[in-house]
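Okay, so here's the structure we're looking at.
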Amino acid sequence: MEISFLTVLLFGFILGVKHSLEPDHIIAVSTIASKTKTLWRSSLAGVYWGIGHTVTLFIVGLVLIVLKAEVNEVFALSLEFLVGIMLVYLGVTSMFVYKKRLVEQKEYSRSPHIAYGKSFLIGIVHGLAGSAAMILLTVSTVSSVWQEAVYIIVFGAGTIVGMLFFTTLIGVPFVLSADKKRLNRLLTQVTGGISAVFGIYYMYNLGITEGLFKLWLE
């Protein structure tokens, strides 16, 4: 029995939601959500992540699909390694620049697009890192270029919805503790620590377990 295209799109949307919940995605955006004072801004941080992620997947994915090109393994793993570096950077800055938080919060209150811009850029990096897997998934699921384009958009919509929901949840403790400096600082530093440690593990896994360091030397 042939599966309808609408069923494939529904499956793609669900996969998009699931994809947004991967640890590196949640951890990265949580470092941005930790700096917000309202749930609305925390939610929008997730939305902008999803938009950046989708834009990258759409552009890079379609270009490679149309050209029938493949992403080199070393290049694909190197992009994943870049995610690890980003996680460490986001974590370290969250842990050790807390003294600047009052200034940052004033800047965010005047220009919330600063936080949204960071979320958008984080989404772009994650989109680049996941483009190779997205191409394989899309090509194996649908059969024409226009269907591939629609599938990527629907998949991206799923990531936006998933991240919207979970950044809202993540933002709750930070919003509730906004006026309790010690607790807020502790939560922020714990979030940063998790991001940094996970980023180091992420790079170690890619470099040693997946053999990226050896591939670089070949």
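Worth a mention:
- Viscosity 0.890 mPa s, 25 °C: Kirkwood-radius Stokes-Einstein D of the range 29-78 over Cα pairs, µm²/s: 188 µm²/s
- Fewest-first ordering of Trp216, Trp49, Trp146 by other beta carbons within 10 Å of each residue's beta carbon gives Trp146, Trp216, Trp49.
- At 0.890 mPa s and 25 °C, Stokes D of the range 1-59 from Kirkwood alpha-carbon radius, µm² per second: 187 µm²/s
- By the beta-carbon count within 10 Å of each Cβ, the least crowded to most crowded order of Ile14, Ile51, fewest first, is Ile14, Ile51.
- Counting only DSSP H runs of at least 4 residues, each contributing -39500 (n - 2.57), and dividing by the residue count of the chain, the helix-based mean residue ellipticity at 222 nm comes to -28500 deg cm²/dmol.
- Per residue, the convex hull spanned by the Cα atoms of the range 112-218 amounts to 154 cubic angstrom.
- For the range 205-211, the Karplus equation 6.51 cos²θ - 1.76 cosθ + 1.60, evaluated at θ = phi - 60°, returns couplings of 4, 5, x, 9, 5, 7, x Hz by residue, with Gly and Pro reported as x.
- Reciprocal of mean inverse Cα separation for the chain (Kirkwood radius, Å): 18.0 Å
- For the chain, built as a Gaussian network whose Cα springs stay under 10 Å, the top-fluctuating residue of Val29, Val161, Val47: Val161
- For Met203, Met134, order by how many other beta-carbon atoms lie within 10 Å, fewest first: Met203, Met134
- Seen from His126, the other residues with C-beta closer than 15 Å to its C-beta sum to a net charge of -1, counting Lys and Arg as +1 and Asp and Glu as -1.
Each value in this text was obtained by applying a stated rule to the coordinates, not by laboratory testing. The structure presented is a predicted model; accordingly, all values stated were derived computationally and were not measured. Using ideal geometry, Cβ is built from the backbone for each residue, glycine included, and neighbour counts are taken over all protein chains shown.
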